[in-house]
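J.: Shown below is the structure under consideration.
The values are calculated or read from the model by the stated rules, or taken from the named source; none is laboratory data. Computed from a predicted model, the values in this text were never measured in an experiment. So basically every Cβ, Gly included, is an ideal-geometry build from the backbone, and we count neighbours across all protein chains shown.
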Amino acid sequence: MISEKIINSLKGSSMIRAMFEEGERLRKIYGPDKVYDFSLGNPEVEPPVSVKKALQNLVNSYEEGLHRYMSNAGYYDVREKIANYLNREKSSQLTGDNIVMTCGAAAGLNVVLKTILNPGEEVILFSPYFVEYIHYINNYDGKPIIVPTVKDTFEPDIDAFAKSITKNTKAVVINSPNNPTGVIYSEDTLIKMADVINRKQEEFNTNILLISDEPYDKIIYDDAKVPSVFKIFKNSVIVNSFSKSLALPGERIGFIAANDKIDDVKTLVDGFILCNRILGFVNAPAIFQKVVAECLDAKVDVDGYKKKRNILYNHLINLGFKCIKPQGAFYLFPKSPIEDDKEFVKRAANHNILVVPGSGFGCPGYFRLSYCISLETIENSLPAFEALAKEFR
Ligand SMILES: Cc1ncc(COP(=O)(O)O)c(C=O)c1O
């Protein structure tokens, strides 16, 4: 009964999910406080107080019609507020017409890919990458093309990038701050990428869309800045959500913003609006559109994340692990002390430490830790990491 495509996807089922299930098993045996689960990017922190207040105000001042369908693009006043917010942050000149409200970044990415892809067209990803991208591209019969990043920085390898672009290249997906490395791509790298894209567009007489997936743009440390892709890439869209910045992943709320400099941006956005409808999302959740519009300057406790990053990063470095210090997001991506990252992950699970192998992100030889869990769990896990590291000395 099931399609061959889905049977194949089921066979390669997510390693992150597999670790989650292993966590459930271990929690039943040892108790939840004895299992150190770093496998999922599901924030433990609460949304900022302003989110709860906005939600309460909305319920108290009950607006008639709040639960009705609206335009498939979302409420226009909300879209305008997001455009104005982005113009302040990204030096763009958007209006509400450049914004489509979506059911999180996941839906936003699907909407963009459905709108632009013909079967067989190529989408470039940089490894390590968020594994769902592969599924999203496959949903529209596109072809993922994986390009490596530079070993010590995890920034895109510009030469490899230039070589990977063909006449069939339709889009390039970047994710910065990055899941799983925590790296923010520098302005210099982005400018070099834009030069390559411009050259290749001319050579092949094509248009290549830069899709910037930015759900971690507000979780940044040490005065780091996320460069504005709108200033650097003419053909660009930002896909964002409030899952991480406001700790609202269960509410499924996000948006697509299309660069005002794109030729015929109106047709592109009309495509997004149509695809939001025909993919069955119809529109983003009504109440949470209104809530986030009141909280665009708010964010979760980033200092709390920074404290967790520092404790874990310093501990791992002291134990001899090699790891780049993340500038954003809430992940660490250390090198596995043995080549076989899946074997290392199994050995970590023997210490009740649950992490995800780098192979799950197209980057074997590494492992990912997600530190959006409680400080207590992180502190309690430190002796277990010590015991694990001892095995590899
Ligand atoms: C890089 C990246 N993109 C997109 C998403 C999807 O986020 P959302 O909850 O907004 O759909 C995630 C979620 O973990 C992510 O890490």
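J.: Got a sec? Which of Pro364, Pro337 is in a loop (DSSP other than H, G, I, E, B), within 18 Å of Phe130 (Cα to Cα) and more than 16 Å from the ligand (Cβ to nearest atom)?
T.: Working: Pro337 fails: within 18 Å of Phe130 (Cα to Cα).
Of Pro364, Pro337, the one residue that is in a loop (DSSP other than H, G, I, E, B), within 18 Å of Phe130 (Cα to Cα) and more than 16 Å from the ligand (Cβ to nearest atom) is Pro364.
J.: Condition first: on the phi > 0 side of the Ramachandran plot, surrounded by 15 or more Cβ atoms within 10 Å (Cβ to Cβ) and either outside the structural domain of Ile324 (by TED's automatic domain parsing) or without any contact (Cβ under 8 Å) to a residue 40 or more places away in the chain (or both). Can you find one or more residues in the range 156-179 that meet it?
T.: For the range 156-179, residues on the phi > 0 side of the Ramachandran plot, surrounded by 15 or more Cβ atoms within 10 Å (Cβ to Cβ) and either outside the structural domain of Ile324 (by TED's automatic domain parsing) or without any contact (Cβ under 8 Å) to a residue 40 or more places away in the chain (or both): absent.
J.: From the list Gly23, Gly41, exactly one residue is in contact with a Cys (Cβ under 8 Å, 6 or more places away or on another chain), surrounded by 14 or more Cβ atoms within 10 Å (Cβ to Cβ) and modelled with pLDDT under 90. Which is it?
T.: On the way: Gly23 fails: in contact with a Cys (Cβ under 8 Å, 6 or more places away or on another chain).
Answer to the selection: Gly41.
J.: Kindly provide the set of residues from the range 345-379 that are more than 18 Å from Leu40 (Cα to Cα) and surrounded by 14 or more Cβ atoms within 10 Å (Cβ to Cβ), ordered by number.
T.: Step one: of the range 345-379, the residues more than 18 Å from Leu40 (Cα to Cα) are 347, 350, 364-365.
Hits for the range 345-379 are Arg347, Pro364, Gly365.
J.: Check every one of the helices (runs of 4 or more DSSP H) wholly within the range 225-301 and list those with 2 or more residues that are more than 24 Å from Ile184 (Cβ to Cβ) and out of contact with any Phe, Trp or Tyr (no Cβ under 9 Å at 6 or more places or on another chain).
T.: Those helices (runs of 4 or more DSSP H) span 265-278.
J.: Which residue pairs have Cβ atoms under 6 Å apart, sit 6 or more places apart or on different chains, and have a first residue in the range 207-221 that is under 16 Å from Val131 (Cα atoms) and within 11 Å of the ligand (Cβ to nearest atom) and a second that is assigned to a loop (DSSP other than H, G, I, E, B) and of a type in the set (Ser, Thr, Tyr)?
T.: Final answer for the pair search is Pro215/Ser243.
J.: Quick one: which of Phe344, Phe367 is under 17 Å from Phe20 (Cβ atoms) and of a type outside the set (A, V, I, L, M)?
T.: On the way: Phe344 fails: under 17 Å from Phe20 (Cβ atoms).
Going through Phe344, Phe367 in turn, the sole match is Phe367.
J.: Of the residues Leu268, Leu248, which single one is touching a residue at least 60 places away in the same chain (Cβ under 8 Å), closer than 30 Å to Lys307 by Cβ, out of contact with any Lys or Arg (no Cβ under 9 Å at 6 or more places or on another chain) and surrounded by 19 or more Cβ atoms within 10 Å (Cβ to Cβ)?
T.: Numbers: Leu268 fails: closer than 30 Å to Lys307 by Cβ.
After applying the criteria, what remains is Leu248.
J.: Among the listed residues Asn98, Asn118, Asn139, identify the single one that is modelled with pLDDT of 95 or more, under 30 Å from Gly365 (Cβ atoms), over 15 Å from the mean Cα position of the chain (by Cα) and of a type outside the set (Val, Ile, Thr).
T.: Asn139
J.: Let me ask something additional. Can you tell me which residue in the range 107-124 is surrounded by the fewest Cβ atoms within 10 Å (Cβ to Cβ), limited to those that are away from the ligand (no atom under 11 Å from the Cβ) and hydrophobic (A, V, I, L, M, F, W, C)?
T.: Leu117
J.: Among the candidates Tyr36, Tyr76, Tyr85, Tyr69, single out the residue that is free of Cβ contacts under 8 Å to residues at least 24 places away in the same chain and among the aromatic types (Phe, Trp, Tyr).
T.: Tyr76
J.: Of the residues Val229, Val239, which single one is more than 11 Å from the ligand (Cβ to nearest atom) and of a type in the set (Val, Ile, Thr)?
T.: Numbers: Val239 fails: more than 11 Å from the ligand (Cβ to nearest atom).
Checking each option against the conditions leaves just Val229.
J.: So which residues in the range 92-106 are in contact with a Phe, Trp or Tyr (Cβ under 7 Å, 6 or more places away or on another chain) and either in a loop (DSSP other than H, G, I, E, B) or outside the structural domain of Leu248 (by TED's automatic domain parsing) (or both)?
T.: Residues satisfying the conditions are Ser92, Cys103.
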